[in-house]
Amino acid sequence: MKKRVFVGIDTSNYTTSCAISSESGVILHNFKILLPVSKGERGLRQSDAVFAHIKNLTLVADMIRDNCRDLEIIAIGYSAFPRDTQGSYMPCFLTGEAVSQMLSAFFGAKIYKFSHQAGHIRSAIYSSECPIFDEFVSFHVSGGTTEVLKVKRENAYYKIEQIGGSVDLHAGQAIDRIGVMLGLDFPCGRHMEALALENTKEIPSPKIFVNGTSCNLSGLENLATQLYQKTNDKPLVCAYTLDFIGKSLEKMTENLREALGGAPIVYAGGVMSNSIIKERLNSKFENVYFATPEFSSDNASGIALLAREQYLIEEE
């Protein structure tokens with residue numbers, strides 16, 4: 001008898017992703033292809049992202065063929081929209097839907113749709129090895145989102161309520177805009193982290209803008225640009241940028257703890273792979289959980305795991 005597996009597909013504005021989960025809930029493959037962004041650009045238009053996904057999904061099909069020859073695909077999950085909110089929509093997710101529908105028909109597999117955000121949260125839970133709580137709080141911090149979320153599990157799905165976050169620029173946007181200004185390749189997170197770790201100078205103390213569990217990050221771009229014009233010091237500017245974001249998240253977490261007590265907090269999204277920000281938060285707060293870098297950035301592992309869980313619930 002062939003071993004049963006579950007496939008996840010995610011087509012974000014950054015990455016084409018496919019993951020395969022075993023029946024026991026172990027990620028066997030976590031396959032990712034970054035979408036190409038020209039030097040000096042700060043992202044992709046949706047039309048360009050859709051075209052890039054269409055090309056990449058042929059490679060995803062090859063990966064599934066090569067790794068599932070002796071396996072039985074019984075369910076497929078895909079990211080259908082960015083968030084679990086009314087009207088949440090991005091055209092790039094239509095490419096993942098199309099290929100998932102075709103795979104479902106070809107393999108005779110069940111199909112489930114989830115939000116990209118739910119996938120991030122589930123992959124963070126998986127890689128941090130934290131318990132599967134029925135209720136918890138999550139920070140989803142990435143290029144497209146900086147949100148504080150109250151999460152309640154309902155079978156394999158999440159009921160998500162936003163209770164805070166950035167009211168203007170997202171943390172990942174700030175990092176990428178400042179990184180491109182410094183001449184770094186997009187996406188800029190890992191390059192900025194490497195330069196920040198080289199910094200040996202005292203970081204100017206940033207004036208952060210936090211109100212409860214909400215923050216403003218739009219001023220960071222101008223402050224970092226001014227610092228670079230004044231110092232011409234890339235490592236210092238990178239360290240300043242990450243210090244500003246880290247202190248903002250720290251203060252928001254502190255305010256969250258005052259409001260909700262010691263509720264477990266799961267930090268998800270690409271920005272949370274940053275070791276500097278993670279160390280700041282991990283050293284100050286208890287009952288907090290972080291995805292490993294491989295599972296922080298956009299990936300389909302959480303979607304594969306959610307598809308597995310929903311299928312097994314229905315099979316009972």
* Over 23 Å between Cα atoms, which of Lys207/Lys230; Lys159/Lys278; Lys247/Lys278; Lys247/Lys284 qualify? -> Lys159/Lys278
* Where in the chain are the helices, taken as whole DSSP H runs, whose Cα atoms extend 24 angstrom or more along the long axis and whose Kyte-Doolittle mean reaches at least -0.5? -> 46-67, 234-260
* Structure fact -> Computed over all unlike Cα pairs, the Kirkwood hydrodynamic radius of segment 163-293 in Å stands at 15.0 Å
* Within segment 56-108, which chymotrypsin sites (Phe, Trp or Tyr not before Pro) sit in a loop by DSSP and count at most 14 neighbouring Cβ atoms inside 10 Å? -> Tyr89
* By average Cβ neighbour count within 10 Å, what is the ranking of 273-282, 171-180, 290-299, 255-264 from highest down? -> 171-180, 290-299, 273-282, 255-264
* Asked: According to a simple spin-label model (label point 7 Å from Cα along Cα-to-Cβ), what is the distance in nm between Glu135 and Glu198?
  -> 4.8 nm
* **For Cα Rg over 2.2 N^0.38 Å, calculated from these coordinates, the label among (1) 1.00; (2) 0.94; (3) 1.07** => (1)
* What is the calculated FRET efficiency for Asp185 to Asn211, with r their C-beta to C-beta distance and R₀ = 25 Å, to the nearest 0.05? -> 0.15
* Separation between Cα centres of segment 202-271 and segment 13-37, rounded to whole Å -> 29 Å
* Within segment 102-156, report the GluC sites (Glu not before Pro) that DSSP leaves as loop and that have at most 11 other Cβ atoms within 10 Å. => Glu129
* Asked: By per-residue mean of other Cβ atoms within 10 Å, what is the highest-first order of 302-314, 207-219, 8-20?
  -> 8-20, 302-314, 207-219
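All of the numbers you see were taken from the coordinates with simple rules; none came from a lab. Keep in mind that what you see is a predicted model, and the values were worked out from it rather than measured. Every residue, glycine among them, receives a Cβ derived from its backbone with ideal geometry; neighbour counts consider all protein chains shown.
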